[in-house]
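In what follows, a single structure is set out as structure tokens and then discussed.
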Amino acid sequence: MMVRSAIVPVAGLGTRLLPATKSQPKEMLPVARKPIVQYVAEELMASGIRDILFVTGRGKTSIENHFDADPELTAQLEATKKTDLLGQVDFSDMPANFFYTRQRVQRGLGDAILCGENFAGEQPFVVALGDSILGLHAKSRCLQKMIELFEDKRASCVVAVEEVPENEVSQYGIIHPVDADGDVFRVQNLIEKPPVSEAPSRLAIAGRYVFAPIIFDMIRQVKPDKRGEIQLTNAMKMLCEEGRRVFAVKLPADEKRYDIGNFPSYYETFVEFALADPDHGPAFRERLRELLGSK
Ligand code: UTP
């Protein structure tokens with residue numbers, strides 16, 4: 001079965017980025033020239049995804065507006081002959097269809113995915129977190145590899161993982177690989193935010209997943225945690241415990257997962273992408289050197 005659709009949850013409240021996210025979605029925060037969610041859409045389309053469902057919520061309409069036509073802006077750019085900019089804001093010839101639905105109450109990632117059940121139907125699908133970019137300027141090909149593995153192994157789930165330092169394992173969902181050699185593993189189990197002493201590896205779930213539709217049945221069985229949230233990791237745990245085929249693909253050493261959900265990581269991501277800007281990167285690098293030299 002070919003994987004051609006993706007669910008992108010963007011309904012979270014983004015409380016770790018307040019006050020920046022009080023009236024704008026964290027997924028629309030800029031990283032260098034583009035909002036985060038545009039990188040996510042570009043990565044999905046480059047991986048062969050042709051139908052993308054955004055699970056949005058209150059206060060998230062700017063995401064829909066971003067990908068929509070803006071006749072006034074187009075007319076203005078045409079009149080002033082700014083054709084280079086025109087190409088950057090006109091998404092009409094994108095190779096994917098965009099769909100939107102709403103998560104009415106923010107009950108966690110698992111619940112957000114459940115909002116896409118009718119969209120996915122009986123087909124396997126990708127989940128890409130709307131606040132994470134894979135690879136500098138979203139150039140990672142990890143998702144493509146995950147999709148190929150999913151189809152090849154007739155898996156129930158394939159997840160992207162990234163090796164994190166030991167002192168960070170307690171911030172992530174961590175996998176227990178059957179055998180940690182190479183960059184593709186069968187997953188025995190998963191644990192959400194384990195203390196260092198209980199972490200089965202340093203391989204953290206990196207915001208990209210491929211699922212068979214069975215995941216919806218699992219999500220429905222997950223009990224809310226103490227914050228009232230339905231955790232996707234718990235549904236994946238059930239897949240493992242039922243003995244279903246769950247695999248992980250490790251991001252190559254030269255590719256990172258850029259998580260924009262907290263300030264330190266957002267700052268770092270912005271600077272790294274800005275430094276790689278073909279026009280402004282070199283001057284920005286010089287300016288940064290000056291700034292750092294004066295400290
Ligand atoms: P996070 O786990 O970072 O949650 O979401 P959050 O609620 O947005 O952030 P904090 O903890 O309050 O700062 C990961 C992705 O899942 C989406 C988010 O929008 C983000 O893209 N999400 C999360 C939902 O769509 N719905 C939810 O109920 C929770």
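The values are calculated or read from the model by the stated rules, or taken from the named source; none is laboratory data. The model shown is predicted, which means the values in this text are computed figures rather than measured ones. FYI the Cβ positions are ideal-geometry reconstructions off the backbone, even for glycines, and counts take in every protein chain you see.
Exactly one residue among ARG102, ARG58 is modelled with pLDDT of 95 or more and of a type outside the set (Ser, Thr, Tyr), and that residue is ARG102. When you look at ASP51, is it modelled with pLDDT of 95 or more, of a type in the set (Asp, Glu) and surrounded by fewer than 21 Cβ atoms within 10 Å (Cβ to Cβ), yes or no? Considered against the rule, which asks whether it is modelled with pLDDT of 95 or more, of a type in the set (Asp, Glu) and surrounded by fewer than 21 Cβ atoms within 10 Å (Cβ to Cβ), ASP51 comes out as yes. The set of residues from the range 32-56 being more than 14 Å from GLY207 (Cβ to Cβ) and within 12 Å of the ligand (Cβ to nearest atom) comprises LEU53, PHE54, VAL55, THR56.
The listed residues are ARG102, ARG154, ARG141, and the only one of them that is surrounded by fewer than 21 Cβ atoms within 10 Å (Cβ to Cβ) and within 16 Å of the ligand (Cβ to nearest atom) turns out to be ARG102. Within the range 231-250, the set of residues being surrounded by fewer than 21 Cβ atoms within 10 Å (Cβ to Cβ) and either in a loop (DSSP other than H, G, I, E, B) or without any contact (Cβ under 8 Å) to a residue 24 or more places away in the chain (or both) comprises MET238, GLU242, GLY243, ARG244, ARG245.
Where helices (runs of 4 or more DSSP H) fall wholly inside the range 106-223, the ranges with 1 or more residues that are of a type outside the set (A, V, I, L, M), touching a Phe, Trp or Tyr at 6+ places or on another chain (Cβ under 7 Å) and farther than 23 Å from PRO9 by Cβ are 142-153. Contact annotation: no residue pair with Cβ atoms under 6 Å, 6 or more positions apart or on different chains, pairs a residue in the range 99-117 that is free of Cβ contacts under 8 Å to residues at least 24 places away in the same chain with a partner that is among the basic types (Lys, Arg) and more than 8 Å from the ligand (Cβ to nearest atom). Among the residues of the range 1-31, those that are more than 10 Å from the ligand (Cβ to nearest atom), assigned to a strand (DSSP E or B) and in contact with a strand residue (DSSP E or B) (Cβ under 6 Å, 6 or more places away or on another chain) comprise SER5, ALA6. Among the residues making up the range 7-36, those that are touching a helix residue (DSSP H, G or I) at 6+ places or on another chain (Cβ under 9 Å) and farther than 21 Å from ARG107 by Cβ are ALA20, GLN24, MET28, LEU29, PRO30, VAL31, ALA32, ARG33, LYS34, PRO35, ILE36.
As a summary of the residue check, GLY108 satisfies the conditions (1) within 14 Å of the ligand (Cβ to nearest atom); (2) more than 27 Å from THR233 (Cβ to Cβ); (3) surrounded by 14 or more Cβ atoms within 10 Å (Cβ to Cβ); (4) not hydrophobic (A, V, I, L, M, F, W, C) except for the one numbered (2).
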